[in-house]
Structure formats: structure tokens, C-alpha cells
Amino acid sequence: MHKKRSQVLNGEGFTLIEVMIAMAMSTIVAGGIFLAYRTQQESYVTQEQVAAMQQNLKAAMFYMGREIRMAGYDTAVTGNFGIQMAAPDSITVTCDISGGQSDGLDNDLDGIIDEDTNGIDDDGDGTWDTGLEADEFRFGDTLANDPNETITYSLFDIDNDGDMDLRRQDAAQPGLPPEEEFVAENVEALGFAYAFDANNDGLLDTYDAVNAPAGSQRERTIWAIDSDGDNLLDTNLDTDSDGDIDADDGPGMGGNGLIGGQMLMDFAGIAIANVPVNRIKAARVWLLARAARQDNKIVERNTFVVGNQVITPDTDADANNDHRRMRLLMTTAKCRNL
């Protein structure tokens with residue numbers, strides 16, 4: 001009777017080998033689940049960073065482009081507004097979009113002067129200086145000292161995190177430092193080039209790309225920069241006259257540095273004198289953004305052209321950008337008010 005009971009008890013357990021096999025199989029399954037989770041997590045983080053970069057670029061370009069297109073808006077036709085500073089890596093524009101509510105004029109010719117600041121219920125709605133009374137703020141006052149009338153875009157490390165940010169400065173109050181706004185973070189480079197009408201004939205100036213006949217597809221608009229900081233355009237970025245602004249105009253693919261460009265010449269090959277900024281009619285904008293975090297699994301070997309800058313992260317002097325994903329966006333803003 002005792003022997004049978006022992007045999008029954010021994011048959012209900014697991015051997016050490018069975019336990020070890022079960023543990024090994026469990027470890028393999030758990031490891032597979034963890035690796036799958038980790039892969040999915042890394043993919044999610046990567047996509048999140050790429051999405052953040054793209055949103056940064058699109059939003060920044062939207063606001064920059066919109067305000068550059070407003071450069072020169074001038075209801076009084078004074079001619080005092082436009083692009084005030086045209087640097088290769090920053091721009092300052094002015095427009096006259098408000099101020100008519102305090103200029104002492106009846107801008108909308110409705111018989112009432114400065115409706116929204118006269119302290120009178122002009123439209124009879126029971127409140128002062130509101131509603132239809134406030135329409136004259138849309139009219140300019142011939143000054144660029146109202147909010148959003150003198151705007152500068154440039155790069156600056158606003159939050160002191162070691163990464164450059166796109167900064168918007170609004171010089172709304174004369175004599176005081178401009179108000180700064182944070183437009184986009186983790187910006188690697190910002191570049192500008194400018195198209196102009198030097199002879200004021202209503203047409204953008206062009207040059208002879210590869211000696212093509214006038215009116216052909218090789219006739220190109222001149223995209224110029226101010227290379228010496230005197231606020232006069234003096235250099236066509238298309239050094240090799242192939243109709244494109246690319247790495248071949250500078251150090252070449254895989255290189256780093258600035259595009260030297262060539263002197264300004266018209267289609268006939270005649271030199272164009274340095275062009276003042278009030279002849280600018282359009283601006284081309286490049287914005288290069290990078291991911292917020294490094295990823296040692298990737299190496300950014302692409303060469304990016306940002307205005308007159310040629311940047312290859314893998315070979316440039318900035319080791320902080322070697323392992324970051326980057327995206328480049330370019331747009332052209334035609335200044336309809338210039």
C-alpha cells in the first residue's frame with residue numbers, strides 16, 4: 001500500500017530537465033516579445049521625430065512666407081515699406097497694416113475719424129470703440145511701429161539648449177528691444193536668395209544659363225545674395241551657370257562651405273551694378289531642420305544646399321549633427337506689394 005502511494009506522488013511532479021526546458025522556452029518567447037516591442041518603440045520614436053521635423057518646417061515656412069509676401073504693403077502708397085535687410089541668413093521686412101485708428105484721418109471715408117479710439121458709441125451698439133467703430137485699424141498710418149509691421153527672421157538659440165531655433169523678432173516699440181517669438185526649434189540652417197528688377201522694367205532680371213538663346217528654357221531668373229554685408233545684392237549663386245543652385249556651385253557633393261557665386265550679369269553678359277534692396281521682387285527661402293535626438297544607427301551623409309551654404313553633416317565640423325535625421329524645405333515668396 002505504501003509503495004503504490006509513493007509511485008502516485010512521484011508521477012505528479014516535473015523533472016529538473018523539464019523545468020529547465022520550460023524556462024528556456026519562456027525566455028526565448030519573452031525575448032522575442034521584448035525585441036518586437038523595442039523595434040516597434042524605436043520605429044514609433046523615429047516616426048514621431050520625423051513628423052515633428054516636418055511640422056516644424058511646414059509651420060515655419062507658412063508663417064515666414066506669408067509675412068515676406070506682405071512686405072511693402074502700403075495703403076498710403078508712400079514707398080517707405082518693403083524688404084529692409086536682405087542677408088544670406090536673415091531677412092527684415094516692413095509693411096503698414098495697421099495704425100489708421102489713431103492717425104487723425106478718415107481713412108474709410110465714412111465721415112468719422114479714428115472710430116475705435118474716439119470714446120464715442122458711433123454705431124449705437126451700446127459700447128464704445130467696438131464693432132464697426134474699429135474698422136480703421138486696418139488702414140496704415142505711414143509708420144512701421146505697430147505690432148507685426150517690422151519683422152525679422154533669423155536663427156538664434158532662444159532656449160539655450162545648444163540647438164539653433166528660428167526666431168521671429170517684432171520691433172513694435174521704437175527704442176525698445178524687439179519682441180522675440182519662438183517659431184521652430186532644432187533648425188540646422190536658414191538661407192535666403194533674392195530675385196530683383198534692377199532696371200525697373202517690371203520683369204525679373206535673368207541671365208544666360210549655358211549660353212542659351214533668349215526666351216529658351218535655359219534663361220533663368222537671377223537668385224542673388226549680399227555677400228559683403230552692405231545690404232546691396234552683388235552675387236549670383238549659380239556659379240557654373242547651369243540654371244540650378246546646388247553643391248556643384250560650391251565645394252561639391254560631400255563638401256562643406258559657402259558658394260562663392262559669380263558677379264551679376266544680365267542675359268547679354270553685361271555687368272549689373274550692385275542692386276539695392278528696394279529692387280527685390282521675390283525671396284527664395286531654404287530651411288534645414290534636424291531631429292531633436294541623435295540616433296547612432298544612422299549617419300546623415302546627404303549634402304544639403306541652404307542658400308549659399310553647402311552642408312554635409314557627416315563631414316562638417318559639427319559632430320552634434322552626425323547622427324540626426326534632417327529634412328530640407330524650400331519655397332519662393334513672390335512679394336506682390338513690392
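The values are calculated or read from the model by the stated rules, or taken from the named source; none is laboratory data. None of the values given here were measured: they were computed from a predicted structure. A quick note on method: Cβ atoms are made from the backbone with ideal geometry, for glycine too, and the neighbour counts reach across all protein chains shown.
All but one of (1) under 14 Å from the mean Cα position of the chain (by Cα); (2) in a loop (DSSP other than H, G, I, E, B); (3) of a type in the set (Gly, Ala, Ser) hold for Ala317, so report the exception by its number.
All conditions pass for Ala317, except number (1).
Answer with yes or no whether Ala184 is assigned by TED's automatic domain parsing to the domain that holds Ile270, small (Gly, Ala, Ser), modelled with pLDDT of 85 or more and more than 25 Å from Thr75 (Cα to Cα).
So Ala184 fits the description; yes.
Within the stretch 277-291, identify whether any single residue is without any contact (Cβ under 8 Å) to a residue 60 or more places away in the chain and of a type outside the set (D, E, K, R), and answer yes or no. Write out each step before concluding.
Pass one, the stretch 277-291, residues without any contact (Cβ under 8 Å) to a residue 60 or more places away in the chain: none.
No, the conditions are met nowhere in the stretch 277-291.
If you scan the stretch 258-276, which residues turn out to be surrounded by fewer than 20 Cβ atoms within 10 Å (Cβ to Cβ) and either under 23 Å from the mean Cα position of the chain (by Cα) or part of a loop (DSSP other than H, G, I, E, B) (or both)?
Passing the criteria: Leu258, Gly260, Asp266, Phe267, Ala268, Gly269, Ile270, Ile272, Ala273, Asn274.
With respect to Arg220, is the statement that it is at pLDDT 90 or above, of a type in the set (Lys, Arg) and closer than 26 Å to Leu338 by Cα true? Don't jump to the end; show me each part of the working.
Numbers: at pLDDT 90 or above: no; of a type in the set (Lys, Arg): yes; closer than 26 Å to Leu338 by Cα: yes.
In short, no.
Which of the numbered conditions does Thr39 fail, given that it passes all the others? Conditions: (1) at pLDDT 85 or above; (2) not assigned by TED's automatic domain parsing to the domain that holds Ala292.
(1) is the only condition that Thr39 fails.
Does Val299 satisfy the condition of being in the same structural domain as Tyr194 (by TED's automatic domain parsing), buried (at least 18 other Cβ atoms within 10 Å of the Cβ) and at negative phi? Explain how you work it out, then say what you get.
Values: in the same structural domain as Tyr194 (by TED's automatic domain parsing): yes; buried (at least 18 other Cβ atoms within 10 Å of the Cβ): no; at negative phi: yes.
Answer is no for this residue.
Of the residues Asp295, Asp248, only one is of a type in the set (D, E, K, R) and part of a loop (DSSP other than H, G, I, E, B); which?
Unique residue meeting the criteria: Asp295.
Name the pairs whose Cβ atoms lie under 7 Å apart, with the first residue in the stretch 157-174 and free of Cβ contacts under 8 Å to residues at least 60 places away in the same chain, the second part of a strand (DSSP E or B) and small (Gly, Ala, Ser), and 6 or more positions between them or separate chains?
What qualifies is Asp165/Ala184; Arg167/Ser154.
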